[in-house]
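Single-structure report; data block below.
Only the coordinates and a few stated rules stand behind these numbers; no lab work does. These numbers were taken from a predicted model, which means no experiment stands behind them. Because the Cβ atoms are built from the backbone with ideal geometry, glycine has one as well, and the counts that use them run over all protein chains shown.
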Amino acid sequence: MNTSLSRRRLLSTLGRAIAGVATFSAARVAKAAVQKGFVSSQAPKNYDPTKHRWQMVFDVDKCIGCGHCVDACKTENNVPRDQSHFRTWIERYIIKKPAPGSDSPRGEVLVDSPNGGMNGFPDNLVPREEILKSFFVPKLCNLCEHSPCVQACPVGATFDSPDGAVLVDPNYCIGCGFCVQACPYGCRFINPDTRTAEKCTLCYHRITRGLKPACVEVCPTEARIFGDLKNPVPDDPIQAFIQKNKVFTLKPHLGTEPRVLYANLDKEVR
Amino acid sequence: MPADITNALPAIVQAPMLLNHVDGYVYPNEQNLIWSTLIVVYPYITGLVAGAFIMASLVRVFNVRALAPAYRLALLTALAFLICAPLPLLFHLGHPERCYEVMMTPHVTSPMAMFGFVYAWYIMAVLLLELWLEYRRDFVVWSETTTGFRGILYRLLTVGVYDVSPPALRLDERLSHAITIIGIPSAFLLHGYVGFIFGSIKANPWWGNVLMPIIFIFSAIVSGIALCVFIYMALNWIRRRPSDDACLDAMGKFLFYALTVDATVETLDWIHRLYQAEESVQVLKQLASGKLFYTLLIMQGCLGTLLPFVLLGSTQLFRDRIAMWVRRRFYFCSALLIVGGVLAMRWNVVIGGQLFSKSLRGFNSFKLEFAGQEGTLVSLVLLALPFIILAVFIKLFLPGDGKSTPHGEAEAAKA
Amino acid sequence: MRRFKLPPQILRLVLLTIAIVASYSIARAWLTPASFHEYGWYRGDAIRELASRTPQYAGRKACAECHDDEVHKLAKGEHKTIGCESCHSAGQAHADNPDIKLPKPSDKDCMGCHQLLAGRPKFLKQITLKDHYTGHRCVECHVPHQPSEVP
């Protein structure tokens, strides 16, 4: 009778389908296990990203524009040493005195960052008598709470780590450059050697080992302050900074909620 | 020579004067443009696809009989360009071998992640399906009458369905109608998401605004219809057949309407920007009048929009007083101007958006190289490839002897 | 009762759709990395891989293990906020193998911070070299680790 034949056929097809799914799942688990065997990680063994919350703050009044941070970052992170790829850089703002006859209290603003500030700044850009005010601003990834770069990544290669860093997975990034376009602060670039997106990682390999980021390590004036919000040390400089200063963030109108805080920022800084 | 003039000159003239310098202040990482000519070509191609499809849908859904002679050509054009659409993206990626990740782990907050799905949906569920239903009867007929490789191809394309009885054909019509109705928003999505890729970037004031997807969609429609005009007239000229005048007049009419809407929306964008005068308006005004003077004001504005508007407008207003042979010239010239103007528009958006700094204090310069991963040569090849594919399609699917039965003629024969 | 017969076009299309969706699901299950979704929409392995890099800078604590006296002298003077490697460059290689010597800081390193520059805060002592003492190296009159002392 037709029905018994078709029922048998239906059951056998179903059985074959279930067997196929089971084999496939087993193969997937096996593949994952084999791949894990090939990956030997030198990551610090006991580091749990959910137990830390890294924080970076700047005191603009203390930055002297020496550029040691830029150099240290390039050394520490193997950043290409050309003039157009920086994970961190220094900007100098020179605000001139108002032109004679002008109504404004402040004059023209000039901004420069020769080679990211790595070798310092030339003295002769503007004659000293024309300068009303000048200062240096260190820049890097602003560790946005609502990172537009993470939002923009089509594959999940850049992400907010649980401990507050915004990282790029260089083995997954396809190099489309969308995140670079999406970052309002210009802190990302495409590494010409790896052809993937790259940015400040807070020296992730250092902070997971209890060290400070290289730029903080070499800053001579403590303009760069780094700490762990979940594990503050005694006399934590982050807490002192927060208590003492009124803080600013860059481009607050964009809604990115940067976690990097600046003290003593001028209105001209973008 | 001042840098802003240098940068607008064609690459071949520019090459000896190249100096990658910066005016004012740009963030150090912005100095090199990362989205170059390939990313100009990609929205251009998908725009042409969407526009050609919209023109075809005017026949199917809105029953514009006059456009029927160009219906099949429009669909084939859309397919030829759609096949080539992923190529500029693949060439541009730093790691094209990882491109499958976009479909395997798509990050749904990213408009770019939608590319794989929108593209797959559009090519499979809309375009190929529509073409198959349109051509199914011809495939059956041709598979029986042609031999050799082409015969095998037609047999494959029937997908094993040989039923061409009137009820089956009626079902084809109904399905096709339904698919075109779905296809119109799909075409909007195909190119709208590209506009959204730019429109979603709040970091860039030139890109990140609400009108960007709308502008992209309408300029896509304009460019697609213009391309169909150009190809239709070129094909008839090659085959030494007269173009259907009613078809050309209808195409010219819709081209004019689409151009009007597109020009209105783009002008609105500028009026709004200048009126609101946000912080970025200073640097953008300098961009438009400086580095983008030739590509924006001359190529996109005057040649790509104003002149075709006048030409097409006169054919609409003074149709009776302008002879057909003059109107044909007008349509052809307008089509070419528009096709060039829309390419200029993509250039102005993609390259222009990277020529100024996000610090709003300075400008980059763009070095267009000839050879290289994103050079002129690659772009020209990628722009020429769809035409080559289309030529193959025309050879296979658009016999010049009228043996096939395009949609409009079949409908007319029934009536 | 009329038997419902699926038109051949529809049948073909339904079968094609099922085949496409099935192959996509299989591909996706196979090609998604195993550690994906561990913490979020990214490979969990990425966090471990990024933490695997070898540090180049050792940090002041590492320097103090052998150079304790210098670190102590430094901590008492105006240069107490400066990390050792700020002037002496990346030291992890030296910390691992003391036979590897670090480059000696030169006058350029001193002037990198102490050059008079508009925008530098007043707490930093700045000079213009030609108005200072020329023809001598900085260390002939100054002790970098104890700036208030004389050699």
Practice task
Would you kindly work out the equivalent ellipsoid of chain A from its C-alpha gyration tensor and give its semi-axes, the square roots of five times the eigenvalues, largest first in whole Å?
Solution key: 50, 21, 18
Exercise for the section: Restricting things to alpha carbons, tell me how big the range A:148-198 is in terms of Rg and Dmax, in Å. Expected result: 10.0, 28
Fill in the blank from the handout: Rounded to one decimal in nm, the spacing of the 7 Å Cα→Cβ label points at A:Arg128 and B:Ile388 is 6.6 nm
Problem - Selected from C:Cys141, A:Gly156, A:Ala197, residue furthest toward positive end of dipole (the protein assembly as shown; charges at beta carbon) - result: A:Gly156
Practice task
Return the FRET efficiency for the residue pair C:Val21, B:Leu268: r is the Cβ-Cβ distance, R0 is 51 Å, and the value is rounded to the nearest 0.05.
Solution key: 0.75
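Test of understanding: ordering B:Tyr275, B:Tyr27, A:Tyr93, B:Tyr294 by Cβ neighbours within 10 Å, fewest first, what list do you get? Show your work: numbers first, answer last.
Numbers: B:Tyr275 8, B:Tyr27 26, A:Tyr93 20, B:Tyr294 16.
Ascending Cβ contact count within 10 Å gives the list B:Tyr275, B:Tyr294, A:Tyr93, B:Tyr27.
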Exercise for the section: Would you mind checking the tilt of helix B:245-276 against the longest principal axis of the Cα atoms of chain B, expressed as 0 to 90 degrees and rounded to 10? Expected result: 30 degrees
Problem - nm² value of the averaged projected area, convex hull over the Cα atoms of the range A:1-79 - result: 12.0 nm²
Handout entry: Average beta carbon contacts from partner chains per residue of A:166-172, 10 Å cutoff
Key = 6
Exercise for the section: Work out from phi, with θ = phi - 60° and the Karplus expression 6.51 cos²θ - 1.76 cosθ + 1.60, the ³J(HN,Hα) of each residue of the range B:152-157, listed in order in whole Hz, and give x for Gly and Pro. Expected result: 4, 4, 5, 5, 4, 6
Fill in the blank from the handout: Listed with the fewest Cβ neighbours within 10 Å leading, B:Arg319, A:Arg87 appear as B:Arg319, A:Arg87
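If the viscosity is 0.692 mPa s and the temperature 37 °C, what Stokes-Einstein diffusion coefficient in µm²/s follows for the range C:54-104 when Rh is the Kirkwood radius over Cα pairs?
293 µm²/s
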Problem - Using alpha-carbon coordinates, inclination of helix B:307-317 to the longest axis of chain B, degrees - result: 40 degrees
Handout entry: Computed P(r) (all Cα pairs; chain B; 10 Å bins; percent)
Key = 4, 21, 30, 25, 14, 5, 1, 0
Handout entry: lysines whose Cα lies under 16 Å from that of A:Lys96, excluding same-chain neighbours fewer than 8 positions away
Key = A:Lys133, A:Lys267
Exercise for the section: Among A:Pro237, B:Met233, A:Gly120, pick out the residue whose Cα is farthest towards the positive end of the charge dipole of the protein assembly as shown, where Lys and Arg carry +1 and Asp and Glu carry -1 on C-beta, about the Cα centre. Expected result: B:Met233
Practice task
Using only alpha carbon pairs under 8 Å that are at least six residues apart, calculate the relative contact order of the range C:54-104 and give it in whole percent.
Solution key: 43 percent
Problem - Prolate/oblate/rounded call for the range B:90-179, Cα gyration tensor, a/c under 1.5 rounded - result: oblate
Handout entry: Nearest-ten-degree value, helix B:129-145 long axis tilted from longest Cα axis of chain B
Key = 40 degrees
Practice task
First obtain the Kirkwood hydrodynamic radius of the range A:122-239 from its Cα pairs, then insert it into the Stokes-Einstein equation at 37 °C and 0.692 mPa s, and state the resulting D in µm² per second as a whole number.
Solution key: 198 µm²/s
Completion exercise
Excluding near-sequence neighbours (fewer than 8 apart on one chain), chain B holds lysine pairs with C-alpha atoms under 18 Å apart numbering 6
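With charges only on Cβ, +1 for K and R and -1 for D and E, what is the dipole size of the protein assembly as shown about its Cα centre, in debye, rounded to 20?
Working: 86 positive and 69 negative charges, 562 e Å.
Charge dipole, the protein assembly as shown, about its Cα centre: 2700 debye, nearest 20.
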Problem - Approximate spin-label separation B:Tyr294-A:Ala27, in nm, with each point projected 7 Å along Cα-to-Cβ - result: 5.7 nm
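Would you mind putting A:205-217, A:104-116 in packing order, based on average other-beta-carbon counts within 10 Å, highest first?
A:205-217, A:104-116
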Exercise for the section: Please give the average number of partner chain Cβ atoms lying within 10 Å of the Cβ of each residue in A:60-71, rounded to a whole number. Expected result: 5
Practice task
Quick one: what are the phi-derived ³J(HN,Hα) couplings along the range A:149-161, Karplus 6.51/-1.76/1.60 with θ = phi - 60°, whole Hz, x for glycine and proline?
Solution key: 5, 5, 4, 7, 5, x, 10, x, 8, 10, 7, 8, 6
Handout entry: Whichever lysines have a C-alpha closer than 29 Å to that of A:Lys45, once near sequence neighbours (fewer than 8 apart) are set aside
Key = A:Lys31, A:Lys36, A:Lys74, A:Lys199, A:Lys212, A:Lys230, C:Lys61
Handout entry: Principal axis box of the range B:257-415, alpha-carbon based, largest edge first, Å
Key = 65, 44, 27
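Ignore the peptide's own chain and count Cβ atoms of other chains within 10 Å of each Cβ in A:227-235; give me the average, rounded.
0
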Practice task
Go through B:Gln286, B:Pro43, B:Val59 and say which Cα lies farthest out towards the positive end of the charge dipole of the range B:23-406; charges sit on Cβ, +1 for Lys and Arg, -1 for Asp and Glu.
Solution key: B:Val59
Problem - FRET E, pair A:Arg9, B:Val281, Förster distance 60 Å, beta-carbon r, rounded to 0.05 - result: 0.25
Fill in the blank from the handout: Rg (one decimal) and Dmax (whole number) from the Cα set of the protein assembly as shown, in Å, equal 32.6, 112
Practice task
Tell me which residues come under 5 Å, amide H to amide H, from C:Val143 once H is placed; ignore anything under 5 positions away on its chain.
Solution key: C:Glu149
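So if I place +1 on the C-beta of Lys and Arg and -1 on the C-beta of Asp and Glu, and nothing else carries charge, what would the dipole magnitude of chain A be about its Cα centre? I want it in debye, nearest 20.
1620 debye
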Handout entry: Nearest-20 debye value, the range C:54-104 charge dipole, Cβ charges on Lys, Arg, Asp, Glu
Key = 180 debye
Completion exercise
Pseudo-spin-label distance B:Leu317 to A:His146, built 7 Å along Cα→Cβ, given in nm, is 4.8 nm
Handout entry: Axial C-alpha extent at least 30 Å, average Kyte-Doolittle at least 1.0 - helices from chain C (DSSP)
Key = C:8-31
Handout entry: A:Phe189 long-range amide H proximity, modeled H, under 5 Å
Key = A:Glu198
